[in-house]
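Here the structure comes first, spelled out in structure tokens, and everything after it is commentary.
None of the figures in this text is laboratory data; all of them are computed from the coordinates on show. No experiment lies behind these values; they were computed from the predicted model shown. Cβ placement follows ideal geometry from the backbone for every residue including glycine, while neighbour counts extend to all protein chains displayed.
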Ligand code: CBF
């Protein structure tokens with residue numbers, strides 16, 4: 001730094017509004033090339049982003065120097081998804097520059113809030129697992145883990161959702177249509193990544209691989225500042241480029257399209273998040289994406305290690321690699337391949353080194369979500385890796401036999417012509433973790449039961465967490481201000497300090513102020529909800545939200561059936577003083593998931609009917625704002641009163657929306673599933689609304705032969721709701737529209753919606769009654785906030801560092 005004459009600022013946040021304003025002006029002119037009079041909002045946003053980024057770069061270098069000087073163990077977090085959201089406001093808050101930024105922009109005649117809203121959401125993920133990765137990045141910087149995230153720089157992130165006549169329509173998302181100011185392209189950090197071809201004799205005993213096709217992985221680095229900018233890690237995303245820009249000979253022949261084809265094919269690899277894998281081409285592309293980013297990351301990791309160390313046996317002491325789900329599970333075979341083929345190690349030595357570094361997080365027990373690749377496809381795209389997988393499987397079989405537990409079909413990596421990626425990840429990992437206590441126990445007892453018996457020390461739990469910076473400090477200014485007055489701001493870096501609020505739950509004046517903060521959030525939300533969904537949100541109305549991906553096991557349908565039954569009950573008894581509610585649904589369905597898309601259409605049809613009905617006006621409304629994303633979550637969560645966490649018990653691995661909502665003072669209505677169990681344990685039975693079958697009861701009901709028709713017959717209100725849907729009450733233009741939903745509910749009901757309906761209905765009526773005693777409700781809400789500090793992702797990252805990575809934390 002000295003060589004270029006830079007003065008290093010003592011701390012990233014030490015900048016006045018006047019200085020910042022000057023820097024913004026300079027960037028506007030010299031980086032964007034625009035004068036103030038011609039500047040559009042996006043130009044100002046970019047200029048401010050560059051000015052903020054300037055504050056991060058030096059601490060970023062300093063962090064790297066500290067890590068190198070201490071030769072710290074590094075943690076590499078490999079994830080196909082990083083659902084990051086907007087970065088400007090987050091960076092400003094982490095650096096403590098909010099008032100300086102507001103003042104600087106006000107001085108330039110620009111509204112800071114409008115700037116923040118102008119930033120596109122970086123939506124490089126589908127849902128929970130991707131958002132968890134983003135929270136973990138933030139926390140690794142907050143607690144000072146020498147961490148680096150690796151993923152894919154998709155040109156198009158998660159699709160943009162709109163509704164066409166109530167049906168979900170998908171459109172390509174284009175977050176890179178404007179310059180992305182937070183990243184640095186690193187053309188020097190690039191690796192050739194091969195596919196296909198053949199395996200011949202080579203240096204190692206696995207044979208050398210001769211790929212048929214090669215693309216280049218090029219790195220783009222984004223600095224990730226932690227709280228107060230004390231530590232700055234890196235997110236490195238890989239973009240696919242062709243080995244040659246275009247074929248000159250074909251071009252000279254006038255074959256312009258042909259000349260561009262190799263480039264187009266190469267770039268396809270990082271073009272779109274999760275291509276629809278319902279076609280064979282889609283599946284192959286997905287496999288290539290997984291290998292592409294994993295292989296580039298592993299090479300980068302080895303290169304960084306070898307710059308400083310000679311002995312590869314020391315790799316596990318200096319490197320911990322976390323596989324976020326099975327998508328990067330090919331890391332095991334790839335690392336072994338590099339150690340054997342390119343470094344000349346013996347297979348067993350290479351395997352032991354790989355297993356010393358690798359760790360795997362499982363995020364689901366749903367059989368259809370556990371990745372399996374046809375061996376034929378893997379062999380075609382990655383022939384060398386298939387051979388290595390076979391050798392890993394053979395070694396695993398030998399180890400199992402030696403332990404007196406011969407590996408059977410349930411514990412083998414290869415079976416039925418497929419490669420089971422969960423088993424591969426387990427076998428090649430030092431530690432495997434679940435993401436809530438219940439999920440980890442179920443992993444040990446069910447899907448990974450055989451492997452757990454063989455390696456009883458391997459599966460550990462690390463319950464998920466969420467970053468308090470984005471999910472309380474950033475998204476909830478009214479509550480943040482109240483907390484600041486009541487307990488200071490130490491909670492931002494140490495969320496357990498929220499415990500200090502416990503006594504205040506019994507302080508009527510504090511409760512009043514807490515309720516006022518919630519009201520302020522609702523008032524702030526109301527115009528947006530009116531614009532997006534045509535809903536009038538009065539602050540006294542109970543705001544009931546279910547925001548998450550659409551999946552049958554998450555049971556948006558249960559919520560909807562209750563909505564229909566409630567609508568009926570209100571119409572049948574208009575004299576009753578019903579608790580007014582606005583029900584908000586938010587979420588996307590996978591483009592190829594027909595049932596989930598039909599449920600979305602049903603919600604929109606019911607919403608139209610209910611919202612148009614004068615008989616329930618002011619009492620019940622249904623809102624479904626399109627295109628749920630991180631920014632929408634940041635709007636809805638602070639305003640919510642009730643959090644719907646109603647999955648079939650045993651199927652939601654953890655959930656993190658449940659944590660965000662409770663942390664912002666929404667009470668949960670939920671099943672004993674995933675982290676709901678731990679939320680209940682912490683907030684107390686009396687401050688949460690639990691209902692329904694437990695995971696054990698669900699398993700028993702299924703084993704006994706569950707018959708949903710009997711549940712429907714036993715509940716007149718459920719029967720009425722189902723019949724209305726069946727008869728076209730909500731779809732008069734096409735009465736048969738929802739036949740698939742009705743037939744499934746009556747005949748099969750895999751997710752036990754009907755079995756839990758009555759318990760859910762009763763709990764919802766208890767909630768109506770509880771809402772009327774606002775002092776008691778607010779007391780519960782305060783206790784939720786006070787006791788949810790444990791759900792900070794800082795706690796989770798400290799747990800990973802200590803129990804899985806064996807890595808230090810700086811703070
Ligand atoms: O662990 C993070 C989240 O991951 C999922 O979204 C996933 O992608 N499998 C799970 O469904 C969530 O329960 C979990 O919180």
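Of note:
- Beta bridges assigned by DSSP with both partners in the chain are antiparallel in approximately 45 percent of cases.
- Relative contact order (%) - the chain, alpha-carbon pairs under 8 angstrom, separation at least six: 13 percent
- Applying 0.36 nm per residue to the separation of residue 210 and residue 538 and subtracting their alpha-carbon distance, the gain on full extension is 111.5 nm.
- Inter-centroid distance (Cα atoms) of region 515-577 relative to region 91-154, Å: 29 Å
- Each residue, residue 496 and residue 516, gets one label point 7 Å from its Cα in the Cβ direction; the gap between the two is 3.3 nm.
- Tensor-based shape of region 431-557 (alpha-carbon gyration tensor, a/c under 1.5 rounded, otherwise prolate or oblate): oblate
- Shape call, region 275-402: gyration tensor on alpha carbons, a/c limit 1.5: prolate
- Gained length - residue 308 relative to residue 766, 0.36 nm times residue gap less alpha-carbon distance: 158.6 nm
- Scattering profile of region 706-811 at q = 0.18 Å⁻¹ [log10 I(q)/I(0), Debye over alpha-carbon scatterers]: -0.88
- Expected 222 nm ellipticity per residue - DSSP helices of 4 or more, -39500 (n - 2.57), all of the chain, to 500: -14500 deg cm²/dmol
- For region 14-164, relative contact order (Cα pairs under 8 Å, six or more residues apart, normalised by length) works out to 30 percent.
- Computed over region 84-229: relative contact order in percent, which uses C-alpha pairs under 8 Å that are six or more apart: 24 percent
- Exposure proxy ranking, count of Cβ atoms within 10 Å, fewest first, for 570, 80: 570, 80
- Least to most buried among 742, 582, 232 (fewest other Cβ within 10 Å first): 742, 232, 582
- Taking other Cβ atoms within 10 Å as a rough exposure proxy, 150, 291, 274, 706 sort from fewest to most as 706, 274, 291, 150.
- Overall form of region 359-429: oblate. Here a/c, set by the Cα gyration tensor axes a ≥ b ≥ c, is 1.5 or more, and a/b is not larger than b/c.
- If you take the Cα centroid of region 397-425 and the Cα centroid of region 591-609, the two points sit 41 Å apart.
- Cβ-derived FRET efficiency at R0 45 Å, residue 66 paired with residue 509, nearest 0.05: 0.50
- In this simple spin-label model, placing a label point 7 Å from the Cα along the Cα-to-Cβ direction at both residue 36 and residue 267 gives a separation of 3.8 nm.
- Note on residue 709/residue 19: beta-carbon distance plugged into 1/(1 + (r/R0)^6) with R0 of 51 Å gives a FRET efficiency of 0.10.
- Of interest is the spacing of the C-alpha centroids, which for region 436-513 and region 241-304 amounts to 41 Å.
- Fraction of antiparallel bridges per DSSP, region 311-423 only, in percent to nearest 5: 55 percent
- Remark: spin-label model distance residue 113-residue 26 equals 3.1 nm, labels positioned 7 Å along the Cα→Cβ axis.
- Estimated FRET transfer efficiency when R0 is 56 angstrom, pair residue 806-residue 617 (beta carbons, to 0.05): 0.40
- One decimal place: the segment residue 686-residue 352 gains 115.3 nm when fully extended, by the rule 0.36 nm per residue minus the C-alpha distance.
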